[in-house]
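Structure first, commentary second.
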Amino acid sequence: MQNESQPSNNEARAEAAFERLGTRRPKCSVPGCNESDWRALTGKHPHILCYEHMCAEQGRSTVEQQHTLGRKIDPDMEVTMAGNDHRIMDSYKDQWPKETRENPDGSPALLAAAYLRVPFDWLIMIAKRYLEPVFLWLEALDSLFCEKLGRRWWVGLGLPDIYSRRVEQ
Ligand SMILES: [Zn+2]
């Protein structure tokens, strides 16, 4: 489980980012970009850019190599990652215990812990950034359709009930 000090440390980092960005509800100012995670934002309100749009503006690639386990543990293990996601993953890694992140004595237990923390962080990032927005959008869509088309809107639209719990006899 996460370190007890993580939430407050994370809160303090978020507060510092809101101060740096000049707003408590930061968002990339490029039209059509929905990046709103403080970890991936630069600049100052109202001229906030996400890291990827900042890179694009500077003529740099928006895709980078992320050191999966960190440079100190394995400088050769890298994955290609979108720049904004890279900022998030590095931010999560900053929350690892220093001993796990640096493993100065080469402890196999800490190396195994790092191997487990990498997919854990991936799952958290994917859940927060890619799954949560979709289920929130689907719930909003259902609410809108119920309001406009009735509670069983899919029947009226002729859509199959793909999640029917009916048991075939
Ligand atoms: Zn952006």
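The values are calculated or read from the model by the stated rules, or taken from the named source; none is laboratory data. Because the structure is predicted, anything quoted here is derived from the model rather than measured. Backbone-built Cβ (ideal geometry, glycine too); neighbour counts: all protein chains shown.
Of all residues in the stretch 1-11, none satisfies the criterion of being surrounded by 11 or more Cβ atoms within 10 Å (Cβ to Cβ) and at pLDDT 85 or above. Mind checking which pairs have a first residue in the stretch 38-64 that is under 10 Å from H86 (Cα atoms) and a second that is among the hydroxyl-bearing types (S, T, Y) and crowded, with 20+ Cβ neighbours inside 10 Å, Cβ under 6 Å, 6 or more apart or different chains? What qualifies is A40/Y51.
The condition (being more than 14 Å from the ligand (Cβ to nearest atom), outside the structural domain of Y130 (by TED's automatic domain parsing), touching a Lys or Arg at 6+ places or on another chain (Cβ under 8 Å) and not β-branched (V, I, T)) is satisfied by just one residue among A114, A17, A40: A17. Of all residues in the stretch 11-30, those that are closer than 17 Å to Y92 by Cβ have Cβ atoms under 8 Å from Cβ atoms of residues that are more than 16 Å from the ligand (Cβ to nearest atom), 6 or more apart or on another chain, in R13/S91.
Let's see how each residue does on (1) modelled with pLDDT under 95; (2) polar (S, T, N, Q); (3) under 27 Å from I48 (Cβ atoms):
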position: L69; (1), (2), (3): yes, no, no
position: H86; (1), (2), (3): no, no, yes
position: P97; (1), (2), (3): no, no, no
position: P108; (1), (2), (3): no, no, no
position: R117; (1), (2), (3): no, no, no
position: D121; (1), (2), (3): no, no, yes
position: L131; (1), (2), (3): no, no, yes
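Evaluation of R24 against the conditions (1) within 16 Å of the ligand (Cβ to nearest atom); (2) modelled with pLDDT of 95 or more shows that the sole unmet condition is (1). With respect to the conditions (1) at pLDDT 95 or above; (2) surrounded by 11 or more Cβ atoms within 10 Å (Cβ to Cβ); (3) more than 26 Å from L69 (Cα to Cα), R152 lacks only one, and its number is (1).
Look at the stretch 117-131: where a residue is more than 13 Å from K93 (Cβ to Cβ) and a partner is crowded, with 16+ Cβ neighbours inside 10 Å, sitting 6+ places away or on another chain with Cβ atoms under 8 Å, you get R129/D37; R129/D85; R129/I88.
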